[in-house]
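Computed from the coordinates by the stated procedures, all read-outs in this text should not be read as laboratory data. These figures come from a predicted structure and were not determined experimentally. Cβ sites come from the backbone with ideal geometry, for glycine too, and all protein chains shown count toward neighbours.
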Number of protein chains: 4
Amino acid sequence: MDFSSDNSFGVHPAIMDAVLAANGGTAVSYGGDDITARVKARFRDLFETDLEVLLVPTGTAANALAVSAFTPTVGAVFAHAEAHIAVEECGSAEFFSGGARLVPVTGFGARMTPATLAAALEACPEGNSRVHVPSVLTLTQATECGTLYRPDDIAALAEIARSRSMAVHIDGARFANAVAALGCPPADIAWRAGVDVMTFGATKNGAMSVEALVLFDTSKAAELDRLRLRAGHLLSKMRFMAAQMDACLADGLWLKLAGDANAAAARLSAGLAALDGVRLAWPTEANEVFAVMPSGLSAHLDRAGARFHGWTTVGLAGTDAMPGKGEELRRLICSFDTGTGAVDRFLAVARGYNG
Amino acid sequence: MDFSSDNSFGVHPAIMDAVLAANGGTAVSYGGDDITARVKARFRDLFETDLEVLLVPTGTAANALAVSAFTPTVGAVFAHAEAHIAVEECGSAEFFSGGARLVPVTGFGARMTPATLAAALEACPEGNSRVHVPSVLTLTQATECGTLYRPDDIAALAEIARSRSMAVHIDGARFANAVAALGCPPADIAWRAGVDVMTFGATKNGAMSVEALVLFDTSKAAELDRLRLRAGHLLSKMRFMAAQMDACLADGLWLKLAGDANAAAARLSAGLAALDGVRLAWPTEANEVFAVMPSGLSAHLDRAGARFHGWTTVGLAGTDAMPGKGEELRRLICSFDTGTGAVDRFLAVARGYNG
Amino acid sequence: MDFSSDNSFGVHPAIMDAVLAANGGTAVSYGGDDITARVKARFRDLFETDLEVLLVPTGTAANALAVSAFTPTVGAVFAHAEAHIAVEECGSAEFFSGGARLVPVTGFGARMTPATLAAALEACPEGNSRVHVPSVLTLTQATECGTLYRPDDIAALAEIARSRSMAVHIDGARFANAVAALGCPPADIAWRAGVDVMTFGATKNGAMSVEALVLFDTSKAAELDRLRLRAGHLLSKMRFMAAQMDACLADGLWLKLAGDANAAAARLSAGLAALDGVRLAWPTEANEVFAVMPSGLSAHLDRAGARFHGWTTVGLAGTDAMPGKGEELRRLICSFDTGTGAVDRFLAVARGYNG
Amino acid sequence: MDFSSDNSFGVHPAIMDAVLAANGGTAVSYGGDDITARVKARFRDLFETDLEVLLVPTGTAANALAVSAFTPTVGAVFAHAEAHIAVEECGSAEFFSGGARLVPVTGFGARMTPATLAAALEACPEGNSRVHVPSVLTLTQATECGTLYRPDDIAALAEIARSRSMAVHIDGARFANAVAALGCPPADIAWRAGVDVMTFGATKNGAMSVEALVLFDTSKAAELDRLRLRAGHLLSKMRFMAAQMDACLADGLWLKLAGDANAAAARLSAGLAALDGVRLAWPTEANEVFAVMPSGLSAHLDRAGARFHGWTTVGLAGTDAMPGKGEELRRLICSFDTGTGAVDRFLAVARGYNG
C-alpha cells in the first residue's frame, strides 16, 4: 500500500527487457547509437511534426536545461507557485540560467489561469528595464495536484506568453497521465497549443531513469547539446537510456501504463469519496488523489502500513481543500504498477476505521 | 575490434543482474533505499575510513560537483591541460562553480609534476587580489594518456596544493585501472596521499551509468546534497544506480574487470611495439595504448574495420610520441570486455600489413 | 518642487570641495591612497569597533556584493517584498551569488516583523535538502516606505536569523536618515543589534557616487576584495570616491544633511496631513512622505510642475494606505537640499486646490 | 617621477570644471539627464555612425558587460594571453557570462596575429559540441605592451572572427592613445574594421571615473541596459559621469591629452634607448615604454624615487625583450599629465648612473 510516489515503484518488465536487449556488443557512445536514433523517429511520429530530442536522466535536468535555453540571465521564468521547478529543485532554473528569476503564479489546484498569469506578469511591465524580461512560461501537465490543462487552457496561456515574446515549456513528468486522461493527440497539448519545448517524462511511468527534452522550436538544439554536456547530463552509454524510452514508446506502452495509473487513482478516489467524513480536495483528473480526511482515519491508515504524504500549501482557505478542525489533507499517488489490489486493500483498511 | 572507447562496451552480466534484482517491489526514492546505504558501507570498507558518497550518472557530474564544492566563485582549479575537465566538458567546472577559472598545467603523458604545478601556480601569486584564489588541484588517475601517478607522486603534488590551502580532487573515471595496475590499497592513492574528494568511476568499467563522488572531507556533504539536486543529478529511482555500484564493489568485481582491461592493453601494447615501424608514445600503464605507426598501417587497420581514434596534443615535439613524416599517433582503449580474441585479431591484421 | 528622488539632487558643496582638493599630484591607485585609509579609520570611529570598508560606486553593487559573500549558490536571501534588492535591481543578488534565491518577506510599510520573517522561513525547513539554505537576512533602513526599524526590532529579527545560522545585512542607502531620526549611536542599529555587514549610503545624502560596504564580520574581507574587482567595482582613481565619503563623515556632515532631509519631510508631512481629504499612508519617520490624496489634487500638483511618483504595492487593503475611489497614493522624497522653500511652495500649491 | 600607471594621475582641470558645472539644480537620475543625451550625440559624431552608448565607472565593467552580451554561457572569448580581461580582472568575463571560457591567444608584444588567432581557434573546431562556441574576439588597443593594431590588422583579425560567427570587441582603455598615434578616424579602427562593440576609455586619459561601452551593433542595447543595472553599474547621479565624458569629447580634448601622453612616452623612449646598456623591448607606439636595463640602473632609479613597475611575461625568449644576466625588463607609463619635466628629470637621473 505504497501511495507515496510514482518514484517508489520499479521498472516495467518490457522496459527492463529492452535494457537487457541493448546489452549486446559495442555501440557508438554519447548518443550516436541506433536506439537513440530510433527514439527520435518515434517522437516525430508521436507528435506528428519535426522536432529534436535530447535524453537526460532526470526531470530536473530536462526542466532546467529546457528553460535555461530560452532564458537570458536577466530573464524571468513564470511557473505556478507549487510547481516542481519552483519548490522542489533547489533553484535549478536560477542556476542553469545564470541568475534568472522564477516568478510564482497562483491558482487553485496548482493550475494557473489567464487571470493569475496576467497578474504575475504585471511584476515585469513592458519598457521597464529595472526588472527581469519575461522569458519562459512553464506549465506542469499533469499538475502537482494531479489536475489538468485542456488544450484550450494551454492555448490561452500560451497566447498571453506569446504576446510578451515568451517561450512556452511543459514540465511533462506526468505528461503521459495527462494524455491518457484527456484522450487527445499529444500534439494538441503541445506544439498545436503553442508549446515550444517540453519535458516528456518516462521515469515516473515505468522507466528506470530517462526523460526526453523535446524541442518543437529546433533552433536551440545545438546550444542544448552543449548545455547538456556541460551540465553532466550527456550519458556515455546512451543506448541504455534510449532503450528505456524506446520501449515506452513502442506499441503505446507509455499510454497504457499511464492509463493504468489513472484508473487506479480513479478507483481510489471514488472509494475515498464514498467514505463518511472524507472529501476530495479537488477532482481527481490523473493519477494523484488529494483527500481531506479525519486525523483519526489518517493515523489509522499510517498504522496499517499505508505510505502516503501529508500535503500543505497556501490558497486553500475558503475551499473544500482546506482541512477543518480534526482533519488533514493528504496526497495519494498511483503508479503504473499500483494495481487494483493495493487500492482495494487500502480502501478496506479505511472502511474498517471506527472514528 | 572496437578500441575507440571503454564507453562503447556494454554492461557486465553481474552488474546487469544486480539491476534486475533491484526491481522487486517499492523502495524509498532519492537514495533512501537499502542498496544505496549498502554502497556507502562498501566504500567505507574499501577506503578504510569514514567518508560520504553521492552517486551520480556521469563522470562530468561527479567532477564538476566535487570541484565546485571546494571552489569559491573567484577560485582557480588546476588541472592538466589534457584533462577531461579541461577539454571535454565544455566548461563544466566554470559553470558549476559560478565562474572559477580552470588553469591548465603541463606535463608529458598527461601527467603533471611538482615542477609544472608550481610553475602554473605562479599565475596566482599569494597576496595578489587581482587574480583567482587557487582552490582545487584535480588529478586524473589513470590519466588521459593511460599513465599513472604513484602514491608518492600524489603525495608530492598534494603537499604543494596544501601549502596553498587548496583541496585535492581525483578524477577517477579509470581509478580501478590505476589500482589494478599499482596493486596498492585504494586509500594509498586517495586520502592517505592527501586527497579530499574523488570521482570513483564505474561506467567505463562495466557499469551502465554510475559514478561515485566520494568525500573524504565530509564537511561538504550537506552542501553537495543540495548541489546535486539542483544540478538534476539526484536520481529518483536511485536503487538502480546503487545496484550497479553495489555489484561492482561486491567480491572485488571492479578490480577484476579493471585488471582484465589492463591485461588486454598490455597484450596489445606488447604486440604493437614488436611491429616494425611502430613505437609506443609512452609506456602503457593502464588500459590505454598510444602508438606511433606508419600512416599506411593506420589506414590498413581502419579499412579492416578496427575502430580507434587519432590523437593529437601539444608538447610532443622532441619526444618519441611525436609522429614523424608518414606517421600517426593513435589511441587504443581496452575495456573489461575487450578480451584476448579482439586483441589478437587486431594484431594479426596489423602483422598482415605490407608497407 | 522636485520630490521624485534623492538621486535627482546634486552634490553638497563641501563634498564637491573635497573632490577638488583630492586632485593634486599622483596617488597610489585602486585604494592604496591616503584618503581611502582615512575613510576606514573614520568608519571605525563612527561604529566604535574594528571593521573593514570597501567603497563602491552604487548601492546595488554594495548590496549584491555584501549579500553574495555570505550566500552559497544554493542559499536563500530573505528580503522584504518591496526592498530595492527584491524589485529594483533586476536580480543582482541572484547574479552575484550564482543563483541563490531571493525569498520575499511581507509586512506593512515595507517593514518585516518577527512573525512575517518566521512565516517566510517556513519555505526552507531545516533538514530539507530540496530547498535553499537560508543564508542572509537583509533589512532596509530606512525602508522603502520611509519607515524605521528600532534597535530592538533589528535585534529581534537578527536573533531569528541567527537561530538559522544566517548572516544579517542592512541596506543602508538611507541609513543616515535612520540614525538622524532615531538619535541613537550607529552601532546600536548595526553590529550591536546583530548586523554582520551593511551598505552605508552616501550618494542619496549629498555625495556624487559612493557607498561603503562595511564588514563587521571581517572574515570575508579578502574574498570581497576579489569579488569587487571581478564585478568591475574597484575604481582605479579611488581617491576621488574616498574623498566624497571622507567629507561626508567629517564633522558629522552626513548626519546634518540627513537631519535636514528628515526635517523637510516632517514639514511636508505635517502640511499634507492638515489638508482636507489628504491622509498619510503611514507615519513619516525619515525623509519620505506617502500620502493618499484626491486624484484631482494629485493632478493639480502635477500641472503645477511638482515632480513626485505614484506608488503601488500589495498588502494595502484594509489599511489607511489603500486609496479609495477617486484617490491616489503618492510618494514624496525630500533630500538634503530640498529645503523649506520648496516644501512651502508645494504646500501652497496644494492649499490652492479647489476640489 | 611617477611612471607606474596612468591611473596614478588625477583629473584634467577642464574635466573637473565640467563636473562642477553639472552640479546645478535637480536632474533626472539614472541617465535621463541632458548631459548623457549630449554624450551619445557626441559619440555618434565621433564615430560617424549610429550607435548606442552606456557609461560605466570602470574599464572592467565595460569589458565584461560588452563581452557577456555577445557570449552564451557555453561560449568562448578569445583574448591575448596578456590582456587585462585575461589576467587582471579576476575572471570578470567568466563571471558576467555565466561560465564562458577565456581562451588565451599568443603573440609578441601583447599583439595577436591572424596566425596565432587561427591556432587558438583550433581548440574549438566547428561541429565539435564537446567544446565551447567561439563567441567573442576581444582586442586591446593600444595593447598592454603599448603596441598598436593598424586598421588592416584589425580587419584581418575581425575577418577570421566573422568566419566563425564571432563578435569583435575592442578594449579601448587606451583607445585615445591609439587614435592619436595612428592619426586615423576612430571609425577606421572600430566599426569600419569590423568591430561590433568597444570600451572607450576616459579614466586613464584624464577623467575621474568613466568609460563608455559603445555598441555599433545596437541590437544588444536593451539587454545591456538590464545587465548594467543588475551588475550595479547604472549610476544614479549619472550626470556627473556624463559630464566627464562630455568634457573629454568636447573640442578634441581626449585626443590632445592622449597625444601629450604619447609625446612624453616618445621622449622617454628615445632618451632611454640612447643610454648605454639600455634597449627597448619593442618599439614604443603609444604611451608605454618597455625597456631592458641593467639591474644596477634599475635599482638606482628606484632609489632616486622613480615609480615604475617590473614586467614579466612568457614568450620573450629569443627576442630583444628577454632580459639577460644582470638585466631587468621594466615598464614606464606616461599620462596626459606626465609632462616633459618629469621625463627629463628621470632621464637625467638615469644618465647619472655609473654602472
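Here are the numbers:
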| quantity | calculated |
| --- | --- |
| For the range B:88-154, average projected area of the Cα convex hull in nm² | 5.3 nm² |
| Order of A:241, C:166, D:293 - criterion: other Cβ atoms within 10 Å of each residue's Cβ, fewest first | D:293, C:166, A:241 |
| The range A:92-215 - share of DSSP beta bridges that are antiparallel (%, nearest 5) | 35 percent |
| Label distances, nm, residue D:270 versus same residue in remaining copies, Cβ-directed 7 Å point | 7.3, 7.6, 10.2 |
| Normalised contact order of the range D:76-202, rounded percent, pairs of Cα under 8 Å and 6 or more residues apart | 23 percent |
| Order of D:219, C:5 under a 10 Å beta carbon neighbour criterion, fewest first | D:219, C:5 |
| Cα principal axis extents for the range C:1-40, largest first, Å | 42, 19, 15 |
| Shielding score for C:233-243, defined as the mean number of other chain Cβ atoms within 10 Å | 6 |
| Relative contact order of the range A:172-309, defined on C-alpha pairs under 8 angstrom at six or more residues apart (%) | 22 percent |
| Percent antiparallel among DSSP beta bridges (both partners in the protein assembly as shown, rounded to 5) | 50 percent |
| Relative contact order for the range A:2-94, counting Cα pairs under 8 Å that sit 6 or more residues apart, in percent | 16 percent |
| Size of electric dipole in the protein assembly as shown: Cβ of Lys, Arg +1 and of Asp, Glu -1, about Cα centre, debye, nearest 20 | 0 debye |
| Flagged links, alpha-carbon separation over 25 Å, of C:204/D:220; C:256/D:237; B:220/C:40; A:220/A:256; A:220/B:220 | C:204/D:220; B:220/C:40; A:220/A:256; A:220/B:220 |
| FRET E, pair residue D:299, residue D:340, Förster distance 30 Å, beta-carbon r, rounded to 0.05 | 0.75 |
| For residue C:103, residues with placed amide H under 5 Å, excluding near neighbours | C:77, C:78, C:79 |
| Using a 7 Å Cα-to-Cβ projection, residue B:115 label spacings across copies, nm, ascending | 2.8, 7.3, 7.7 |
| Ranking of D:58, A:106, B:312, A:26 by count of other Cβ atoms within 10 Å, fewest first | B:312, A:106, A:26, D:58 |
| Sequence-distant residues sharing a close amide H with residue C:327 (under 5 Å, placed H) | C:295 |
| Nearest beta-carbon to the A/B symmetry axis - residue in chain A, distance in Å | A:57, 2 |
| Dipole magnitude of the range D:196-355, debye to nearest 20 (Cβ charges: Lys/Arg +1, Asp/Glu -1, about Cα centre) | 440 debye |
| The range B:318-345 versus the range D:267-346: alpha-carbon centroid distance in Å | 52 Å |
| Inter-part distance where the range C:175-207 and the range B:167-224 are each reduced to a Cα centre, Å | 50 Å |
| Other protein chain Cβ atoms within 10 Å, averaged over every residue that makes up D:59-70 | 2 |
| Helical contribution to [θ] at 222 nm, DSSP H n ≥ 4, -39,500 (n - 2.57), averaged over the protein assembly as shown, rounded to 500 | -11500 deg cm²/dmol |
| Span-like helix ranges in chain D, DSSP H, alpha carbon extent 27 angstrom or more, Kyte mean at least 0.0 | D:253-273 |
| Euclidean distance between Cα centres, the range A:9-69 to the range C:37-116, Å | 44 Å |
| Integer Hz, Karplus 6.51/-1.76/1.60 couplings in order for the range B:321-328, x for Gly and Pro | 6, 6, x, x, 4, x, 10, 9 |
| Distance cut-off 19 Å, percentage of C-alpha pairs in the range C:1-149 lying past it | 66 percent |
| Inverse of mean 1/r across different Cα pairs in chain C, Kirkwood, Å | 20.9 Å |
| In Hz, Karplus ³J(HN,Hα) per residue of the range A:80-89 (6.51, -1.76, 1.60; θ = phi - 60°; x = Gly, Pro) | 4, 4, 9, 5, 3, 5, 8, 10, 10, 10 |
| Percentage of interatomic Cα-Cα distances in the range D:56-129 larger than 20 Å | 32 percent |
| As computed over the protein assembly as shown, the Cα convex hull volume per residue (Å³) | 177 Å³ |
| Shielding by partners, peptide D:84-94 (average Cβ within 10 angstrom, other chains) | 6 |
| Farthest positive-ward along the range D:252-334 dipole, Cα basis, beta-carbon charges - from D:286, D:253, D:326 | D:253 |
